1. Please compute the net charge surrounding A:Arg84, taking Lys and Arg as +1 and Asp and Glu as -1 over other residues with Cβ under 14 Å from its Cβ.
2. With +1 on the Cβ of every Lys and Arg and -1 on the Cβ of every Asp and Glu, and nothing else charged, how large is the dipole of the range B:16-164 about its Cα centre, in debye rounded to the nearest 20?
3. Work out the FRET efficiency for A:Lys101 and B:Asp71 from their Cβ-Cβ distance, taking R0 = 30 Å, and round it to the nearest 0.05.
4. So what's the Cα pair-distance distribution over the range A:123-166, bin width 5 Å, in %?
5. Would you tell me the mean number of C-beta atoms belonging to other protein chains that fall within 10 Å of each C-beta in B:86-99, as a whole number?
6. How much net charge surrounds B:Met15 when only the other residues with a Cβ under 13 Å from the Cβ of B:Met15 are counted, with Lys and Arg +1 and Asp and Glu -1?
7. I'd like the Karplus ³J(HN,Hα) series for the range B:51-57: coefficients 6.51, -1.76, 1.60, θ = phi - 60°, whole numbers in Hz, and an x wherever there's a Gly or Pro.
8. How many Cβ atoms of partner chains, on average, are near each residue of A:104-114 if near means within 10 Å of its Cβ?
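The values are calculated or read from the model by the stated rules, or taken from the named source; none is laboratory data. Given the structure is predicted, the values throughout are model-derived calculations rather than measurements. Cβ coordinates were reconstructed from backbone atoms using ideal geometry, including for glycine residues, and neighbour counts include every protein chain displayed. Accessible surface is based on the protein model in full, side chains and every heavy atom, while ligands, DNA and RNA are left aside. Shrake-Rupley method; radii C 1.70, N 1.55, O 1.52, S 1.80 Å.
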Number of protein chains: 2
Amino acid sequence: MRTGKLCVPNTTKTMKAIVQRVTKATVTVGEEQITSIGRGLCVLLGISVEDTQKDAEYIVRKILNLRLFEDETGRAWSKSVMDRDFEVLCVSQFTLQCILKGNKPDFHSAMPAELARPFYSSILENMRSTYKPELIKDGLFGAKMQVHIQNDGPVTIELISPTGPVDPKQLSKQEKQQQRKEKMRSKGPSESGREKGALRSRQDPNASSGAEGDVSSEREP
Amino acid sequence: MRTGKLCVPNTTKTMKAIVQRVTKATVTVGEEQITSIGRGLCVLLGISVEDTQKDAEYIVRKILNLRLFEDETGRAWSKSVMDRDFEVLCVSQFTLQCILKGNKPDFHSAMPAELARPFYSSILENMRSTYKPELIKDGLFGAKMQVHIQNDGPVTIELISPTGPVDPKQLSKQEKQQQRKEKMRSKGPSESGREKGALRSRQDPNASSGAEGDVSSEREP
């Protein structure tokens, strides 16, 4: 159905995180700079009315473990923010829970502020206890802010929590299964070129940049 | 199916745009600043292998017409970038076409650079001819860049092109139908409160900020 196709991407109620790899990022409220980070990730986090602890756990795990950084030898997409001891700046961003009514954004899918505030705090707490508390920075929930993002690459990833009731243990298992399946598939003739492409780009010192031209070998179908 | 639920959001191949409302934005390559905008939108654009002219037309129309700005009286979510004569900085961002293999990003869903380059140029051309060419700025396709984004609010919207073969004329009609349906619904008793909420926040001079606390009345279910 056409209507279904049109609406599905924007109306699915899941937690959304826009993860930008940054050289630095700061938050100012009025004239005052309230926080800043150096190299790491700037995360804009949109919580939906239907999100639960499980969505939060998935998103936190992905933010902290996503391999968006090069290693010390310049091999791209090999290290996470935790691996490199980099920082995370997290800012609540309800506008990510947007449904378009024509050209007007509608935010009724976003968790109301009075519920989102403690939930968001618990997500930050989870991130701090999983990683190092001093490396997790925060905006000012509910305030009008200027978020200065120096997107490095640029590299931007969208994270969406799995919908529906999924057991987090089950999820990890599932992810492992997916990885195993990928490895199996890459042994097939049609996939070996792809794998080689990935290896090529890993060995390419320029590939550390993550910019368009540099990883084109990874992008070839 | 659990696997389906887990994979669907990240594997659907559609054009994606992360639209950030900005006070200013600049792009530097090495030490050189190659472009900049003042108030307006910074758009990170991810083109998938399956995208067509129709996806591009939808995304361009939405970028230019989305009501993310306040009007001269401070009424929030009422004016588009075109209405306010603001600028657009567009940067190609293939990493938005990311499929996670465990914690490693895979970019095979992104359109290969040699095809994406002319396609991306045509999208910019479309934007320039629809709006004012001098107000549409561009990064440097394929280069390693630092994109300095001063996200104002913050306000960040994700746009996803409709999947499948949709006639753009049909799409506009469909959008109009949706709007009409919304208007009809808002006359019902359960929706009138919502509409009032929207009006309240429109009349609130602080609501122009688009920040969490300010538009909470719009967010109440």
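1. -1
2. The calculation lands at about 240 debye.
3. Calculated transfer efficiency: 0.95.
4. P(r) for the range A:123-166, in whole percents per bin: 5, 13, 13, 18, 31, 15, 5, 1.
5. 4
6. The answer is -1.
7. 6, 10, 3, 5, 4, 4, 4
8. Mean shielding count: 6.
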